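What follows is a single structure, written as structure tokens, with notes after it.
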Amino acid sequence: MPTSGLIITLQPELATQAAAIARLRTRPELTLGELSQRWLPAALETRDDSDSREIHDWLTALPGVAFVDVVSVSFEAEAERSDGAVGCWSDEVTPVPPCPTLHHSTAPRLQPLSLP
């Protein structure tokens, strides 16, 4: 199950932005973040690559959307093994260790970008 991180750039007109956001909220595959000026972060969870492409095409054609940036894609899915353990499973048959979470990450914290 692909999960994509998106930045949706909206048109500058507020009424057009509101209409686009209302349409975006009708799609259960999308989880919307907080709007920052014209940029709307979103997570897209789909069944497969074909669905991801179909929704990406829908997004780019949506009135009020200026551009869609794909900033990350993950093909891992959380699943339960036969022994009851829960973790990340890749597209391969071999399970991988439990999924890391952001609050346990040892990666350095990134500073937010200042966009014009």
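Somewhere in the stretch 53-66, is a residue part of a strand (DSSP E or B) and modelled with pLDDT of 95 or more? So that I can check it myself, show each step before the final result.
Taking the stretch 53-66 as the starting set, the residues that turn out to be part of a strand (DSSP E or B) are 65-66.
Next, from what is left, pick out any that are modelled with pLDDT of 95 or more: 65-66.
Yes, the stretch 53-66 has at least one match.
Do you know which of the residues in the stretch 1-34 that are in contact with a strand residue (DSSP E or B) (Cβ under 7 Å, 6 or more places away or on another chain), polar (S, T, N, Q) and not in a helix (DSSP H, G or I) is nearest to Phe75 (Cα to Cα)?
Thr3
The values are calculated or read from the model by the stated rules, or taken from the named source; none is laboratory data. In this text, all values refer to a predicted model and were calculated from it rather than measured experimentally. Using ideal geometry, Cβ is built from the backbone for each residue, glycine included, and neighbour counts are taken over all protein chains shown.
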